[in-house]
Structures are given as C-alpha cells and as structure tokens.
Amino acid sequence: NPSLCFNAYDKTGHFCKQYDDIKLLFTDEDMTPHEVELFGVMFNTFPPEVQAGLYLIRGGSFKFKDLIKVSLLHQATGLEVPIKFRDFGSNIRKSYAMKHKIFELKELINYWSGGTGTIAKRALKSILPKSTRELGKKMAAKLLTRLY
C-alpha cells in the first residue's frame with residue numbers, strides 16, 4: 001500500500017518531497033520567496049514555476065481542473081514547469097500504475113458527465129489532447145447506456 005507524498009528534509013538539510021523511496025529535492029532557487037500582491041496585501045510564496053510543479057505532483061495523480069491552473073499560470077508568466085516536477089509525478093504514477101489509470105478514468109467520467117462545470121470544460125478542451133477527449137466521450141456514453 002503506497003504512502004502519501006510528504007514533506008521531508010534530506011541528509012544535508014535540503015527540503016524535499018518524498019513518496020516511498022522517490023525524492024524530489026528543492027534547490028535554494030526553488031525556495032526563494034516570490035512576492036505577490038493579492039487584494040492589496042503583499043505576501044511571499046514559491047516562485048510561479050514551482051507553484052505549477054507542486055500542482056503536478058499532488059500525490060502523483062492530478063485532477064483535470066489542476067491542469068487548467070497550471071495552464072493559466074503558464075499563460076500569465078510564460079514560465080515552464082521544471083522537468084524535475086514532471087519526472088517526480090511520472091515516477092509516482094508508475095509505482096501505482098493501475099490505481100492511477102482508475103483515477104484518470106474517474107476524472108474522464110467526471111469531466112464528461114459535467115462534474116467539473118462548464119467553465120472548466122471549455123478551458124480543458126484547449127489543453128487536453130483530442131484522443132483523451134474522445135476516449136472520455138466514449139466512456140461516458142457507455143456509462144450512461146448502462147445506467148439507463
């Protein structure tokens with residue numbers, strides 16, 4: 001039974017995310033505070049590319065609505081998610097491939113059944129591959145046929 005992705009520190013004291021024996025080390029640059037203003041209040045957060053990367057590693061699997069957030073963050077900043085975040089998430093998903101496939105199936109059904117809402121659907125349409133959208137349509141149609 002896989003454990004959750006959790007915050008840790010390596011032997012040298014550097015912050016990392018860890019899932020079982022898979023680690024993602026954060027550099028000093030990753031941890032540099034990024035000042036943001038929200039509703040007139042200034043606060044520090046992770047740099048935008050690290051924020052986007054954190055969405056992609058939430059337990060390895062990600063919700064389709066999180067893809068919208070990452071896409072919007074990229075559009076606003078022009079910054080790419082560092083490859084180490086993509087690799088870390090991918091390695092987690094490989095460690096429980098069947099569970100991840102079931103999660104993706106649930107996300108597709110949720111998406112095509114309207115569970116994610118109209119705005120999310122429009123935004124997702126622009127970033128999900130057509131093959132994924134078609135698969136979701138077919139699966140939702142089969143599910144609805146069995147229900148009625």
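For the range 92-110, a residue qualifies if it is aliphatic (A, V, I, L, M), surrounded by 15 or more Cβ atoms within 10 Å (Cβ to Cβ) and farther than 18 Å from ILE22 by Cβ, and the qualifying residues are LEU108, ILE109. Within the option set ILE119, ILE109, being among the β-branched types (Val, Ile, Thr), out of contact with any Pro (no Cβ under 8 Å at 6 or more places or on another chain), assigned to a helix (DSSP H, G or I) and modelled with pLDDT under 65 holds for one residue only, ILE119.
For the range 46-57, the criterion of being farther than 23 Å from ALA97 by Cβ, touching a Ser or Thr at 6+ places or on another chain (Cβ under 8 Å) and open to solvent by 40 Å² or more (accessible area, probe 1.4 Å) is met by at least one residue.
Restricting attention to the range 7-44 and to residues that are outside any loop (DSSP other than H, G, I, E, B), among the polar types (S, T, N, Q) and loosely packed, with under 12 Cβ neighbours inside 10 Å, the residue that is modelled with the highest pLDDT turns out to be ASN44. Within the range 73-91, restricting attention to residues that are of a type outside the set (Gly, Ala, Ser) and without any contact (Cβ under 8 Å) to a residue 24 or more places away in the chain, the residue that is most open to solvent (accessible area, probe 1.4 Å) is GLN75. With respect to the conditions (1) modelled with pLDDT under 85; (2) open to solvent by less than 80 Å² (accessible area, probe 1.4 Å); (3) out of contact with any helix residue (DSSP H, G or I) (no Cβ under 6 Å at 6 or more places or on another chain), LEU4 falls short on a single one, namely (2).
The values are calculated or read from the model by the stated rules, or taken from the named source; none is laboratory data. Model, not experiment: these values are computed from the prediction. So basically every Cβ, Gly included, is an ideal-geometry build from the backbone, and we count neighbours across all protein chains shown. Just so you know, the surface numbers come from the protein's heavy atoms only, side chains and all, with ligands and any DNA or RNA stripped out. Shrake-Rupley method; radii C 1.70, N 1.55, O 1.52, S 1.80 Å.
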